[in-house]
Amino acid sequence: MAKCPACAHEVATPFVLNADAWKWLVCPHCSARLERKNPQIVVPLIGFWVALLALGRLGHRFAVVAEVLMVAIFVVILVKFMRPELQLRKPLPKPEIELKINDPSN
């Protein structure tokens, strides 16, 4: 569950990998079109994860510390993906050409 930025009600979010469900996500209370914010902390944490691989090669104590920190990073990334932050989707652009099929202009 995540909070709608427009009305602050709880919104059930689809699974992370279900791209089609994310495309049609709307708030059931205010009908605002929603999308997932990009988690900004994940990329630095993955870089830190790679640095911990090198730390683990320095000795047994460093390896234990690196493994504990890797588990903590994994949990933080998992929580970020399971409880995403939502933002309002940008409105669709207005079409340049409108088709007036039912309008008899002749």
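Each value in this text was obtained by applying a stated rule to the coordinates, not by laboratory testing. Just so we're clear, the structure is a prediction, and the values are computed from it rather than from any experiment. Here the Cβ positions follow ideal geometry from the backbone for every residue, glycine too, while neighbour counts run over all protein chains shown.
Suppose every Lys and Arg Cβ carries +1 and every Asp and Glu Cβ carries -1, with no other charges. What dipole size does segment 2-88 come out with about its Cα centre, to the nearest 20 debye?
It comes to approximately 120 debye.
Hey, fewest Cβ within 10 Å first, where do TRP24, TRP49 land in order?
Least to most surrounded, the residues fall as TRP24, TRP49.
In terms of the ratio Rg/(2.2 N^0.38 Å) built on C-alpha atoms, what value belongs to segment 47-103?
2.39
Go through segment 16-24 residue by residue and turn each phi into a ³J(HN,Hα) via Karplus (6.51, -1.76, 1.60, θ = phi - 60°); whole Hz please, and just put x for glycine and proline.
For segment 16-24, the Karplus-derived couplings read 4, 8, 8, 5, 5, 5, 5, 5, 9 Hz, x marking Gly and Pro.
Let me have the 222 nm mean residue ellipticity of the chain computed from DSSP H runs of 4+ only, each contributing -39500 (n - 2.57), with the sum over all residues rounded to the nearest 500.
Value at 222 nm, helices only, nearest 500: -13000 deg cm²/dmol.
Across the chain, how large is the tail of the calculated P(r) beyond 22 Å, expressed as a percent of all Cα pairs?
I get 55 percent for the Cα pairs in the chain exceeding 22 Å.
Taking the 0 to 90 degree range and rounding to the nearest ten, how far is the long axis of helix 42-55 tilted relative to the main principal axis of the chain, both from C-alpha atoms?
Rounded to the nearest ten degrees, it is 20.
How many Lys pairs in the chain lie less than 23 angstrom apart by Cα atoms, where the lysines are 8 or more positions apart or on different chains?
Qualifying lysine pairs in the chain: 11.
In degrees between 0 and 90, to the nearest 10, how far off the longest principal axis of the chain does helix 60-82 point, with axes built from Cα atoms?
Relative to the chain, helix 60-82 is tipped by roughly 10 degrees.
How high is the relative contact order of segment 2-88, in percent, with contacts defined as C-alpha pairs under 8 Å that are six or more residues apart?
38
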